[in-house]
1. Tell me the residue from 115, 186 that is modelled with pLDDT under 95, exposed (fewer than 13 other Cβ atoms within 10 Å of the Cβ) and within 14 Å of residue 91 (Cβ to Cβ), please.
2. Take the residues in region 245-255 that are surrounded by 15 or more Cβ atoms within 10 Å (Cβ to Cβ) and not hydroxyl-bearing (Ser, Thr, Tyr); name whichever of them is farthest from the chain's Cα centre (by Cα).
3. Spot the failing condition for residue 32; the list is (1) part of a loop (DSSP other than H, G, I, E, B); (2) over 14 Å from residue 136 (Cβ atoms); (3) without any contact (Cβ under 8 Å) to a residue 60 or more places away in the chain, and only one is missed.
4. Please go through region 125-166 and pick out each residue that is in a helix (DSSP H, G or I) and surrounded by fewer than 18 Cβ atoms within 10 Å (Cβ to Cβ).
5. Does region 131-150 contain at least one residue that is of a type outside the set (Gly, Ala, Ser) and free of Cβ contacts under 8 Å to residues at least 60 places away in the same chain?
6. Tell me, which residue of region 262-279 that is farther than 11 Å from residue 237 by Cα and surrounded by 17 or more Cβ atoms within 10 Å (Cβ to Cβ) is modelled with the lowest pLDDT?
Amino acid sequence: MPIHEIRESIEQEQIVLDGNGFAIVQKVINLRDNRSHKMLQCDAFYDNPLPVTNDSYTMELLITPTPVIYTDMVINGYPSRAPAAANENILFKQVRTLVRGATEPPTQEFPNRFISARPTFTWYMPKLYVTLFIHGAAGDEINNVAISIYCVVEDKKASLVTYGMGVIREDHIAQVGAVMSNGRSISPSRNVGQSFPMWKYGGVRPELMISGSNLASWFNRTDSQEAGETNTTARLRRMAKEARQMQPNLDAFGTQVTADGSIPSWIRFELFKGVESGPIRDQWPPIKHADNGNVLTL
């Protein structure tokens, strides 16, 4: 599998930001068709580290297999941010904030140096786009921008079906994500109780207490020398239904207020068969024969 080293640069003597304080510089690198490309390593070097004379700027450098479409999201207070690094078309992204008087501009890079030392992303589009987004004050001028790019790319032959599907997919990805909104906001007061409620509240969910008379009625299955209350099937099924009731977080399972008092959830483990599954046939388990005499599985 051939391995290619790519050295390119973006150099502009003067870049003028538009009325929104935004500028785009882009360069395209052509690759071989019908190939699967894998990024082995990528890096960027700022030949002129501080090409600013005004207060501050934010630069976004991206390497992608498709042209970059700016989004409606914000970066450092400026509009029109580049797509997030989570976008699957982003092979390399670097965000650099340049401040007048700063000796070393703060820089964020994706993937980081440790990860990018290994093979990372695969793509099929036969191009690499080097794109620079610059954010600042409206009408500002930035002089002598010079950035060098180094990429090591491995490619191999891909079937026409795989290649075609990959190109279509990357084209579609490039056209979405103008406004990304994901994740679920959780109130700090509810954070623990939503996923691990017992860690915050002591490790045991509370349980309801059933009265002695109802308990005796529920489990009184054998005759004794003393008269015992006989429950009706309807009452037993009602109690079983009340025992199965789900409750809000941190409340005991079952039903607290019923005609029979509190009914806890654990009594459902001792259900009579007739209460659990309806009326019982004379022969249990029921057996039914087909016309030829074979026993049917019910």
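The values are calculated or read from the model by the stated rules, or taken from the named source; none is laboratory data. Fair warning: this is a prediction, and the values are worked out from it, not measured in the lab. No Cβ is skipped: glycine too gets one built from the backbone with ideal geometry, and neighbour counts run over all protein chains shown.
1. Numbers: 186 fails: within 14 Å of residue 91 (Cβ to Cβ).
The conditions single out 115.
2. Only one residue tops the list, namely 254.
3. Of the numbered conditions (1) part of a loop (DSSP other than H, G, I, E, B); (2) over 14 Å from residue 136 (Cβ atoms); (3) without any contact (Cβ under 8 Å) to a residue 60 or more places away in the chain, the odd one out for residue 32 is (3).
4. In the first step, residues of region 125-166 are kept if they are in a helix (DSSP H, G or I); the result is 160-166.
Selection gives 160, 161, 162, 164, 165.
5. Pass one, region 131-150, residues of a type outside the set (Gly, Ala, Ser): 131-135, 140-145, 147, 149-150.
If we keep only those that are free of Cβ contacts under 8 Å to residues at least 60 places away in the same chain too, we end up with none.
No, region 131-150 contains no residue that is of a type outside the set (Gly, Ala, Ser) and free of Cβ contacts under 8 Å to residues at least 60 places away in the same chain.
6. 267
Here is a yes/no grid of residues against (1) touching a residue at least 60 places away in the same chain (Cβ under 8 Å); (2) more than 33 Å from the chain's Cα centre (by Cα); (3) within 18 Å of residue 91 (Cβ to Cβ); (4) surrounded by fewer than 16 Cβ atoms within 10 Å (Cβ to Cβ):
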| position | (1), (2), (3), (4) |
| --- | --- |
| 14 | yes, yes, no, yes |
| 22 | yes, no, no, no |
| 65 | yes, no, yes, no |
| 70 | yes, no, yes, no |
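Quick grid of which residues meet (1) surrounded by fewer than 17 Cβ atoms within 10 Å (Cβ to Cβ); (2) of a type in the set (Ser, Thr, Tyr); (3) in a strand (DSSP E or B); (4) touching a strand residue (DSSP E or B) at 6+ places or on another chain (Cβ under 9 Å):
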residue	(1), (2), (3), (4)
4	yes, no, yes, yes
25	no, no, yes, yes
59	no, no, yes, yes
97	yes, yes, yes, yes
